[in-house]
Structures are given as C-alpha cells and as structure tokens.
Amino acid sequence: MHLLLVEDDPRLAELVTRLLVGDHHVVETARTGESALELADGAGLDAIVLDVGLPDMSGLEVARRIRDRGSRIPILMLTARDAISDRVAGLDSGADDYLVKPFAVEELAARIRALGRRGRERTGDASMSAGSIVLDEAGRMLTVAGRRVDLSPREYAMIECLLRHKGQALTRDQLLDHAWPYDSEVTPAIVDTYVYFLRRKLRGAADRIETVRGIGYRMAAG
C-alpha cells in the first residue's frame, strides 16, 4: 500500500516509517496539517495514518477537510488521548479507525491492512489475482502457482497496483505515483526497470504484465 504518515515527532515518524516499509508499504511523511492536505490531494495514496497533535492544526481538522473535499481515502487516527470523548471526536471528524499511543507495532500493521481492505471494498475491486499470480493482502505475500515470491516494497507496490487495476492500461506516471513518494527524485523511466525486475521474479507468469505501446503496462485479465 502507498501510505501517507502525518506525524510531527521526527523520531516516531522515522521509526513507524521503517516498520511500515519493512511490511512492504511505500510511505511518505508530512509533519504539518497543511503539508498533509497538499499530499492528500495527490494520486496513488491508499490510506492516511494521521496524528491528532500537529503544530499548525489539529489532525481532527485535517480529517474534516479531507472529507469535505469528498475524499473517501481510509484514515487511521493516532493520538495519546484515550478518553471515550476523544475517540468519538476522531471518528466524527471522518477517521475510519483510532489507535492510542503507545501502540504495539503488530496492531498498527494489522489495522493498516484492515484499512486497505476497506479501501478496496469502497472501490468495488476486491480481486487481487491474475491467472497463477495471487496476492495475499492479509499475509503481505505474493505467490505464483503456489511458489512464494519475495519482493521489495517498491516491487510489491507496483504489482499491487497492477493487480488492483487488472485489465486496465496504466501509464508510467500512474505507477510512479503509487509506488514512490511524492517528492522522490525519480523519473517515469524507473518504472521500466522495476517491471523488468518483476517479470524476472514471476518467471512463467511474466507475460501477464503486458506492455501497452505508447502508454505503459497492464496486468492481463484473462
């Protein structure tokens, strides 16, 4: 999944980012509400992990503004406040889930996976397979004809995007938006390199990733 982590504590942001990247997520970060709102408008995000206590505005206000724009992107709220009234305020602002600090890493990872499932339900696309290629979102694992395939976070994000939009031609820019943070200094050409990596790992199922001349790539639906 491509996540936006909004957290003003640099040490906590670094720790959470490292843990999420290790769980095959692509993570970009924001430390203020304004920067979070700017990044939330970008393409390719699957979910937002949002701290309530931000220096310029409350995370509650950030969530409200995101919802006022009509966005349905899943939001997980983080806060040190554990009173029932605080949880209610977070959910009423538009958050889908609420996690109190300090939290267990395993619980954070599980809740983010649940957000991803909700996001797919909202888009009406729950299929994450193509032929012998199967992506187990709960286990964060890809298999081809039952054989496990180890992927880097970027590779995982790329094939997740291709499978989610199976049968649809995706431009290099669309794949770039999904698999790399907004401010990454990379060009769309890097997508070709990672498609090459994926095809090598898929072996007999490599032809499932089709080149669409003049556009980009597509995961074959048949």
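The values are calculated or read from the model by the stated rules, or taken from the named source; none is laboratory data. Since this is a predicted model, take the numbers as computed values, not measurements. All Cβ positions, glycine included, derive from the backbone under ideal geometry; neighbour counts span all protein chains shown. Side chains are part of the model used for accessible areas, which takes the heavy atoms of the whole protein and leaves out ligands, DNA and RNA. Shrake-Rupley method; radii C 1.70, N 1.55, O 1.52, S 1.80 Å.
Looking only at the stretch 202-222, count how many residues are within 16 Å of Ala145 (Cβ to Cβ) and open to solvent by 70 Å² or more (accessible area, probe 1.4 Å).
Of the residues in the stretch 202-222, 3 are within 16 Å of Ala145 (Cβ to Cβ) and open to solvent by 70 Å² or more (accessible area, probe 1.4 Å).
For the stretch 26-46, what are the residues that are modelled with pLDDT under 90 and in a strand (DSSP E or B)?
Val26, Val27, Glu28
Among the listed residues Ala130, Ala145, Ala126, which satisfies the condition of being more than 25 Å from Arg11 (Cβ to Cβ) and at pLDDT below 80?
Ala126
Among the residues of the stretch 68-81, are any of a type in the set (Asp, Glu), modelled with pLDDT of 85 or more and in contact with a helix residue (DSSP H, G or I) (Cβ under 7 Å, 6 or more places away or on another chain)? Steps first, answer last, please.
Looking only at the stretch 68-81, we keep the residues that are of a type in the set (Asp, Glu), and these are 68.
Retained after the next criterion (residues that are modelled with pLDDT of 85 or more): 68.
Cutting the leftovers down to in contact with a helix residue (DSSP H, G or I) (Cβ under 7 Å, 6 or more places away or on another chain) gives us none.
No.
Test Arg111 against the stated conditions and say whether it is under 30 Å from Lys201 (Cα atoms), part of a helix (DSSP H, G or I), at pLDDT 85 or above and touching a strand residue (DSSP E or B) at 6+ places or on another chain (Cβ under 6 Å). Spell out how you get there, then give the answer.
Values: under 30 Å from Lys201 (Cα atoms): yes; part of a helix (DSSP H, G or I): yes; at pLDDT 85 or above: yes; touching a strand residue (DSSP E or B) at 6+ places or on another chain (Cβ under 6 Å): yes.
Yes: the conditions hold for Arg111.
Across the stretch 66-79, which residue is nearest to Arg11 (Cα to Cα) among those that are in a loop (DSSP other than H, G, I, E, B) and open to solvent by less than 80 Å² (accessible area, probe 1.4 Å)?
Among them, the one singled out is Pro74.
Looking only at residues that are more than 25 Å from Val134 (Cβ to Cβ), of a type in the set (S, T, N, Q) and part of a loop (DSSP other than H, G, I, E, B) in the stretch 149-200, which one is most open to solvent (accessible area, probe 1.4 Å)?
Looking at the filtered set, the residue picked out is Thr187.
Kindly establish whether Gly70 is on the phi > 0 side of the Ramachandran plot and more than 17 Å from the chain's Cα centre (by Cα).
yes
Gly94 versus (1) of a type in the set (Gly, Ala, Ser); (2) modelled with pLDDT of 85 or more; (3) not in a loop (DSSP other than H, G, I, E, B): which is the lone unmet condition?
Evaluating Gly94 over (1) of a type in the set (Gly, Ala, Ser); (2) modelled with pLDDT of 85 or more; (3) not in a loop (DSSP other than H, G, I, E, B) leaves (3) as the failure.
Can you name every residue in the stretch 148-174 that is closer than 13 Å to Gly216 by Cβ and in contact with a Phe, Trp or Tyr (Cβ under 7 Å, 6 or more places away or on another chain)? Before the answer, list the steps.
Going residue by residue through the stretch 148-174, those that are closer than 13 Å to Gly216 by Cβ are 158, 161-162, 165, 168-174.
Passing the criteria: Met158, Leu162, Leu170.
Of the conditions (1) at pLDDT 85 or above; (2) open to solvent by 30 Å² or more (accessible area, probe 1.4 Å); (3) under 16 Å from the mean Cα position of the chain (by Cα); (4) among the β-branched types (Val, Ile, Thr), Val100 satisfies every one except a single condition; which number is it?
Here Val100 meets the rest and fails (3).
List, please: which pairs have Cβ atoms under 8 Å, are six or more places apart or on different chains, and start with a residue in the stretch 1-25 that is assigned to a helix (DSSP H, G or I) and end with one that is open to solvent by 60 Å² or more (accessible area, probe 1.4 Å) and not polar (S, T, N, Q)?
Between residues of the stretch 1-25 that are assigned to a helix (DSSP H, G or I) and residues that are open to solvent by 60 Å² or more (accessible area, probe 1.4 Å) and not polar (S, T, N, Q), the close pairs are Pro10/Arg31; Ala13/Arg31; Leu19/Val105.
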